[in-house]
1. Residues in the range 186-204: is at least one modelled with pLDDT under 95, open to solvent by 20 Å² or more (accessible area, probe 1.4 Å) and over 25 Å from VAL109 (Cα atoms)?
2. Which number in (1) in contact with a Lys or Arg (Cβ under 9 Å, 6 or more places away or on another chain); (2) open to solvent by less than 30 Å² (accessible area, probe 1.4 Å); (3) assigned to a strand (DSSP E or B) marks the one condition that PHE126 misses?
3. If I ask for residues that are on the phi < 0 side of the Ramachandran plot, surrounded by 15 or more Cβ atoms within 10 Å (Cβ to Cβ) and not aliphatic (A, V, I, L, M), which ones from the range 218-229 would you list?
Amino acid sequence: EGVVSLLAQGHPEIWNPETGETHPHEDYTIRPTGTRIRLSFQPDELISVLLHPHPVTRQIRRKEKLLSEVLIQGPFEFSIEKTMSRPHIAWNWTQKEDHWTSMAPPLVVPKKIPAGDWCQYGLAHFSGLGIYDCDVDIPLIPGGSRVELDLGRVAISAEVKVNGQSAGMAYFEPYRLDITSLAKSGMNHLEIRVANTLSNYFSQFQELAGAPLHSGGDLPERRISGLIGPLKVRVYQSDGA
């Protein structure tokens with residue numbers, strides 16, 4: 001816990017980047033030289049503070065009721081993009097120059113894949129983008145409703161398109177996106193592009209087997225990749241409260 005001094009003057013509001021929700025912060029003092037805010041941090045926590053010219057009032061979020069929920073079970077049409085081969089990306093390189101020994105079998109990409117760790121389907125040493133395509137039938141969406149896509153768990157990040165238009169990106173839990181403006185009653189097409197990390201790529205080299213983390217080693221849980229799920233589309237409507 002400590003006091004943070006900012007040179008700007010304003011009334012603070014705390015923003016949660018995971019949910020988009022905000023709430024006014026009451027423990028602060030505005031001085032001629034700026035704003036002093038007392039904050040309490042959890043270990044490794046980042047706190048996003050917005051300063052407003054006028055006092056911030058807490059907004060009451062209207063209650064919603066769930067009208068329908070669709071479970072997207074797959075399997076998904078599947079393809080990959082080898083981002084390691086992009087010439088314009090700074091980390092476009094391999095270990096060929098180091099003469100490292102790869103233990104990876106030939107890459108065979110399945111044309112269809114269910115939700116889950118793609119390492120279980122012949123892609124244990126692949127680092128890049130996995131592209132999932134499917135159609136989902138959404139029940140009637142009444143006027144004023146909100147439509148949410150819940151990706152469940154993603155390893156590690158995802159970019160989503162609904163009916164060919166970008167719905168945004170999801171980098172951390174909860175992996176949920178508001179798709180109200182893009183979704184329609186009836187059949188909708190989803191494209192979900194999932195990126196994993198370089199852990200899978202490095203795991204193929206015999207020279208790194210058993211190496212400590214600071215020397216290029218890895219842990220099996222770091223190599224979990226793909227659209228883990230479960231995937232759901234939910235339609236909500238305000239209950240008028």
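The values are calculated or read from the model by the stated rules, or taken from the named source; none is laboratory data. As the structure is a prediction and not an experimental result, all values here were calculated from the model. So basically every Cβ, Gly included, is an ideal-geometry build from the backbone, and we count neighbours across all protein chains shown. Just the protein is used for accessible areas: all its heavy atoms, side chains included, with ligands, DNA and RNA removed. Shrake-Rupley method; radii C 1.70, N 1.55, O 1.52, S 1.80 Å.
1. No: zero hits.
2. Among (1) in contact with a Lys or Arg (Cβ under 9 Å, 6 or more places away or on another chain); (2) open to solvent by less than 30 Å² (accessible area, probe 1.4 Å); (3) assigned to a strand (DSSP E or B), PHE126 violates only (3).
3. Within the range 218-229, ASP218, ARG222, ARG223, SER225 meet the criteria.
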